[in-house]
Amino acid sequence: MAFYPLKVKDLSRPTEDSVAVSFQVPDNLKEEFRYIQGQYLTLRQTINGDEVRRSYSICSCPLDDELTVAIKRVEGGLFSNYANNELQVGDSLEVMPPNGRFYSELNPDQAKSYVTFAGGSGITPIISIIETTLRTEPESEVTLFYANRKSSAIIFQERLEALKNKYMNRFSIHHVLSDEVVELDLYQGFIDQEKIRGFAQLFFDVEAVDEFFTCGPEPMMLSIRESLIELGVPTKKIHMELFTSPLGKLGGGKKKEQSHEKAKSEVTVVLDGNNYTFPYDSSESILDVAIQNGLDLPFACKGGVCSTCICQVEEGEVDMEVNYALEPDELANGMVLSCQSHPKTEKVKLNFDV
């Protein structure tokens with residue numbers, strides 16, 4: 001995927017420590033930037049002389065002529081602080097077309113039950129999913145459980161309330177706050193296994209829910225997933241989106257130290273219909289070595305999270321360090337994350353065009 005320069009059309013402040021960035025998409029790129037609810041954009045900018053790439057979920061609704069991402073300020077975050085402090089309307093950013101598979105197909109004839117969980121800025125793809133679902137499927141119902149430190153930190157609070165008022169019979173919100181006193185214990189603290197069991201008893205029937213969507217910090221996501229599985233939810237009904245930190249990994253964790261031994265291989269990459277072959281003699285990922293050999297491969301987080309660098313193994317074998325993005329069926333079809341992959345055979349061929 002290539003990057004395209006897009007101008008910033010509008011900036012707004014969902015909270016004091018976040019900024020919503022809306023892009024102006026030229027007519028000749030409308031099709032290229034058509035997106036599905038739950039997808040993300042990869043942004044590229046040179047900051048202090050260094051090229052910086054970050055992925056941010058699209059928070060606007062694809063039924064509108066809008067393309068907006070929300071960027072929460074992260075302490076020490078190079079891109080997030082640039083966006084919150086320096087970015088101005090009229091500025092241009094390099095933007096990769098929408099990507100991601102954090103969604104399910106919508107159909108106006110469906111009458112389904114959706115339960116969503118969000119933590120902090122994890123609301124960004126969730127709110128797009130919620131609004132698009134409510135507007136597309138008039139018989140479907142959506143429930144949101146949203147965790148924050150305090151009420152003033154709730155991103156898109158007004159927009160969520162507006163959706164609740166408009167779809168009061170089909171959309172319900174439950175806020176969970178950790179640093180603010182609330183009346184009910186169920187809404188105090190963090191969304192953990194105990195709370196999931198309580199929510200299931202009071203607000204939704206596990207067997208009747210068709211899809212679960214969850215996005216936020218890694219510990220919360222894994223706890224929710226484990227809790228739902230313990231309640232009998234099939235894994236195919238649970239959709240997770242883990243967002244990255246400035247260190248390129250999940251939930252602010254430190255990036256894993258290189259653990260692979262140096263290996264030798266001949267790597268062929270299929271990109272935009274062309275084959276490129278280069279020698280691999282390294283302990284670094286195939287993505288990093290390919291970039292060192294002058295290839296402009298797609299990537300964003302380099303943490304095994306965003307799936308921007310996804311490709312298919314057509315020859316040979318590779319070993320992946322971590323994988324937070326690919327589903328079991330994708331792994332079975334030979335899909336890998338090049339940012340986490342290391343050759344295991346003398347020859348490896350990866351196809352980025354699939």
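The values are calculated or read from the model by the stated rules, or taken from the named source; none is laboratory data. Computed from a predicted structure; not experimentally measured. Every residue, glycine among them, receives a Cβ derived from its backbone with ideal geometry; neighbour counts consider all protein chains shown.
Could you list all residues from the range 314-327 that are assigned to a strand (DSSP E or B) and under 24 Å from the mean Cα position of the chain (by Cα)? Within the range 314-327, Asp319, Met320 meet the criteria. I'd like to know if the range 111-131 contains one or more residues that are charged (D, E, K, R) and in contact with an Asp or Glu (Cβ under 8 Å, 6 or more places away or on another chain). Looking through the range 111-131, at least one residue is charged (D, E, K, R) and in contact with an Asp or Glu (Cβ under 8 Å, 6 or more places away or on another chain). For the range 328-354, a residue qualifies if it is assigned to a loop (DSSP other than H, G, I, E, B) and in contact (Cβ under 8 Å) with a residue 24 or more places away in the chain, and the qualifying residues are Lys344, Thr345, Glu346, Phe352, Asp353, Val354.
Screening the range 126-174 for residues that are farther than 22 Å from Asp185 by Cβ and hydroxyl-bearing (Ser, Thr, Tyr) and picking the one that is nearest to the chain's Cα centre (by Cα) gives Ser128. Note on the range 1-35: residues that are in contact with a Gly (Cβ under 8 Å, 6 or more places away or on another chain) and among the aliphatic types (A, V, I, L, M) total 1.
Take the range 260-278 and flag every residue that is touching a residue at least 40 places away in the same chain (Cβ under 8 Å) and acidic (Asp, Glu). Hits for the range 260-278 are Glu266, Asp272. Ser104 meets the conditions (1) buried (at least 18 other Cβ atoms within 10 Å of the Cβ); (2) under 24 Å from Glu158 (Cα atoms); (3) of a type in the set (Ser, Thr, Tyr) in every case but one. The failed one is (2). Just one of the listed residues (Leu144, Leu186, Leu163) is closer than 19 Å to Pro14 by Cα and part of a helix (DSSP H, G or I), namely Leu163.
Of all the listed residues (Val8, Val52), the sole one being of a type in the set (Val, Ile, Thr), touching a residue at least 12 places away in the same chain (Cβ under 8 Å), over 27 Å from Leu160 (Cα atoms) and assigned to a strand (DSSP E or B) is Val52. In the range 19-57, the residue that is farthest from Lys72 (Cα to Cα) out of those that are of a type in the set (Gly, Ala, Ser) and more than 17 Å from the chain's Cα centre (by Cα) is Gly49.
Per-residue answers, yes or no, for (1) among the charged types (D, E, K, R); (2) in contact with a strand residue (DSSP E or B) (Cβ under 9 Å, 6 or more places away or on another chain):
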residue	(1), (2)
Leu6	no, yes
Arg13	yes, yes
Phe23	no, yes
Leu29	no, yes
Glu32	yes, yes
Asp50	yes, no
Leu67	no, yes
Phe102	no, yes
Pro108	no, no
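Exactly one residue out of Ser121, Ser151, Ser128 is touching a residue at least 24 places away in the same chain (Cβ under 8 Å), of a type in the set (Gly, Ala, Ser) and either surrounded by fewer than 19 Cβ atoms within 10 Å (Cβ to Cβ) or not assigned by TED's automatic domain parsing to the domain that holds Gly216 (or both), and it is Ser151.
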